[in-house]
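*Asks:* Handing you a structure now.
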C-alpha cells in the first residue's frame with residue numbers, strides 16, 4: 001500500500017525549542033512509517049512524559065500517553081491486546097533507562113514484538129537540564145555543580161548482553177539514515193531498540209549536529225550484526241566515535257506467541273464483559 005508522508009501530518013503546533021533534534025527524529029519517524037506503507041490508524045505510539053514523548057502529538061496516529069518511564073509497560077499491554085497493530089515507543093533516555101529501566105530490561109528479556117526509540121540528548125531536558133542516566137561523568141549541570149559523579153549507563157552494551165533481538169543506533173544529525181534504521185527495526189519480529197544520539201541546543205552546547213556528523217560513522221557493509229562478541233566489543237570500546245546502523249541481531253521466540261498461544265485474532269475483538277471487569281476491580285477496593 002502506498003502511503004504519503006503527509007498522511008501522518010498533524011496540525012498541532014510544535015512546542016520544541018528551535019534547533020531541537022526531535023524535529024529530525026519526527027520527520028524520520030513519519031518517513032519510516034509511510035515508506036513501510038502502514039496506514040496511520042494501524043499504528044500506536046506509546047509515550048510517557050518529556051520532550052521526546054511529545055512526538056506523537058505532532059503526528060496523526062493513535063497515541064497512548066502514560067506515566068514517565070512506564071511507556072514500555074503500556075506498549076506491552078497494547079501489543080498483547082491488539083497484536084494486529086504496529087506498536088512503537090518514543091521515550092527520552094531518562095524515562096527509558098532511568099525510571100523505566102526495569103520495564104525496558106524485562107521487555108528485552110521477554111522479546112515482545114515492538115520497537116522502542118530512545119531519544120538520548122544526555123539530559124532531562126523538559127525539567128531544566130538535570131543529568132540523565134547517560135550524561136558523561138564530570139559534566140556540570142544546574143544541580144550537579146561539582147560534576148556528575150557517576151559513570152554513564154551503556155544502554156547498547158546492556159541490551160546486547162541481554163540478547164535483545166535488534167539493537168541499532170542512529171543520530172538526529174543524519175535523518176535519512178535514521179529513517180532507514182527505523183524501518184528495519186519496525187520490520188523486525190521481536191523487541192527492537194533504536195538508540196538515537198540527539199542534539200539539545202538548550203542544555204548542551206558541545207554535542208551539536210556537527211559534533212555528531214564528525215564523531216559518528218556508518219557501519220561497513222561487511223559488518224556482521226549476529227556476532228555478539230564483536231557487537232559488545234564495538235559498543236564497549238572507549239572512544240569518541242559512535243557506530244551507526246544495526247549493531248546486533250538475534251533470532252528468538254516471541255513472547256507474544258507464548259502468551260497468546262498462537263491465537264491470531266486480537267483480544268480487543270473478543271469484547272469485554274463489564275460485570276466481570278467490575279468484579280475484578282472490586283478486589284482492589
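*Asks:* Got a sec? Which of 134, 115 is touching a residue at least 24 places away in the same chain (Cβ under 8 Å), outside any helix (DSSP H, G or I), over 30 Å from residue 259 (Cβ atoms) and in contact with a helix residue (DSSP H, G or I) (Cβ under 7 Å, 6 or more places away or on another chain)?
*Replies:* When all the criteria are applied, what remains is 134.
*Asks:* Let me ask something else. Being in contact (Cβ under 8 Å) with a residue 40 or more places away in the chain, assigned to a helix (DSSP H, G or I) and touching a helix residue (DSSP H, G or I) at 6+ places or on another chain (Cβ under 9 Å) is the filter here; which residues of the range 24-53 pass it?
*Replies:* 24, 25, 27, 28, 29, 31, 32, 33, 35, 52, 53
*Asks:* Are any of the residues in the range 230-241 in contact with a strand residue (DSSP E or B) (Cβ under 7 Å, 6 or more places away or on another chain), surrounded by 17 or more Cβ atoms within 10 Å (Cβ to Cβ) and not in a helix (DSSP H, G or I)? Even if it seems obvious, please write down each step before you answer.
*Replies:* Filtering the range 230-241 down to residues in contact with a strand residue (DSSP E or B) (Cβ under 7 Å, 6 or more places away or on another chain) leaves 231, 234-235, 241.
Checking which are surrounded by 17 or more Cβ atoms within 10 Å (Cβ to Cβ) leaves us with 231, 234-235.
So of that shortlist, the ones also not in a helix (DSSP H, G or I) come out as none.
For the range 230-241, residues in contact with a strand residue (DSSP E or B) (Cβ under 7 Å, 6 or more places away or on another chain), surrounded by 17 or more Cβ atoms within 10 Å (Cβ to Cβ) and not in a helix (DSSP H, G or I): absent.
*Asks:* Continuing with the same structure: Testing residue 74 on (1) touching a strand residue (DSSP E or B) at 6+ places or on another chain (Cβ under 8 Å); (2) part of a helix (DSSP H, G or I); (3) crowded, with 23+ Cβ neighbours inside 10 Å, one condition comes back false. Which one is that?
*Replies:* (3)
*Asks:* Out of 45, 25, I need the residue that is at pLDDT 95 or above, surrounded by 18 or more Cβ atoms within 10 Å (Cβ to Cβ), touching a strand residue (DSSP E or B) at 6+ places or on another chain (Cβ under 7 Å) and over 19 Å from residue 191 (Cβ atoms). Which one?
*Replies:* Answer to the check: 25.
Residue by residue, here is whether (1) within 19 Å of residue 170 (Cβ to Cβ); (2) without any contact (Cβ under 8 Å) to a residue 12 or more places away in the chain; (3) within 16 Å of the chain's Cα centre (by Cα); (4) crowded, with 23+ Cβ neighbours inside 10 Å holds:
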{"position": "60", "(1), (2), (3), (4)": "no, no, no, no"}
{"position": "63", "(1), (2), (3), (4)": "no, no, yes, no"}
{"position": "68", "(1), (2), (3), (4)": "no, no, yes, no"}
{"position": "78", "(1), (2), (3), (4)": "no, no, yes, no"}
{"position": "86", "(1), (2), (3), (4)": "yes, no, yes, no"}
{"position": "91", "(1), (2), (3), (4)": "yes, no, yes, yes"}
{"position": "95", "(1), (2), (3), (4)": "yes, no, yes, yes"}
{"position": "98", "(1), (2), (3), (4)": "no, no, yes, no"}
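*Asks:* Give the range 140-165 a look and list any residue that's under 15 Å from residue 205 (Cα atoms) and buried (at least 16 other Cβ atoms within 10 Å of the Cβ), or say none.
*Replies:* Going residue by residue through the range 140-165, those that are under 15 Å from residue 205 (Cα atoms) are 140-142.
Residue satisfying the conditions is 141 alone.
*Asks:* Only one of 208, 139, 171 is free of Cβ contacts under 8 Å to residues at least 24 places away in the same chain and touching a strand residue (DSSP E or B) at 6+ places or on another chain (Cβ under 8 Å); which?
*Replies:* On inspection, the qualifying residue turns out to be 139.
*Asks:* Name the residues in the range 242-279 that are part of a helix (DSSP H, G or I) and surrounded by 10 or more Cβ atoms within 10 Å (Cβ to Cβ), would you?
*Replies:* Taking the range 242-279 as the starting set, the residues that turn out to be part of a helix (DSSP H, G or I) are 255-260, 267-270, 274-279.
Within the range 242-279, 255, 256, 257, 258, 259, 260, 267, 268, 270, 277, 279 qualify.
The values are calculated or read from the model by the stated rules, or taken from the named source; none is laboratory data. Please read these numbers as outputs of a predicted model, since none were measured by experiment. Backbone-built Cβ (ideal geometry, glycine too); neighbour counts: all protein chains shown.
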